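Worksheet for the structure shown next.
The values are calculated or read from the model by the stated rules, or taken from the named source; none is laboratory data. Just so you know, these numbers come straight off a predicted model, no measurement behind them. Here the Cβ positions follow ideal geometry from the backbone for every residue, glycine too, while neighbour counts run over all protein chains shown.
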Amino acid sequence: MQQESMTAAPATVPIEVATLTAKGQVTIPKAVRDALGLRKGDQLSWELEDGSVRVRALAPLDLTYLQGLDASLQEWSSPTDEEAFRDL
C-alpha cells in the first residue's frame with residue numbers, strides 16, 4: 001500500500017541546503033518543516049531516481065487497519081499454502 005504525502009509544500013519555499021553529518025544525518029531546514037507541517041516523530045520516504053532524491057512526508061500508519069489486514073491474510077499462511085507458493 002502506498003502512502004500519500006501529508007500536505008503539499010507551497011511553491012514559494014526557496015531552495016534550502018542542508019549538510020550531511022558524519023553519522024549520515026541531515027537536519028531538515030525549518031522552512032521546509034514548516035511548509036510540510038512536519039513534527040517530531042513524522043516519517044519520511046526517500047525515493048532515488050537518476051541521481052536525485054525525492055523526500056516525502058508520509059501519512060501516519062493506521063495500526064487498526066494494518067492489524068485487520070494481517071488477520072485477514074493469516075488464512076494464507078498454512079503449511080499447505082507455504083508449499084504451494086514456495087516456487088513462485
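Odds and ends about this structure:
- Any hit, the stretch 37-49, residues being out of contact with any helix residue (DSSP H, G or I) (no Cβ under 9 Å at 6 or more places or on another chain), farther than 30 Å from ILE15 by Cα and either exposed (fewer than 10 other Cβ atoms within 10 Å of the Cβ) or among the β-branched types (Val, Ile, Thr) (or both): no
- Test: residue in the stretch 7-21 that is loosely packed, with under 10 Cβ neighbours inside 10 Å, at pLDDT 80 or above and within 21 Å of the chain's Cα centre (by Cα): yes
- Restricting the stretch 35-72 to residues that are of a type in the set (Gly, Ala, Ser) and in contact (Cβ under 8 Å) with a residue 40 or more places away in the chain, the residue that is nearest to LEU20 (Cα to Cα): SER45
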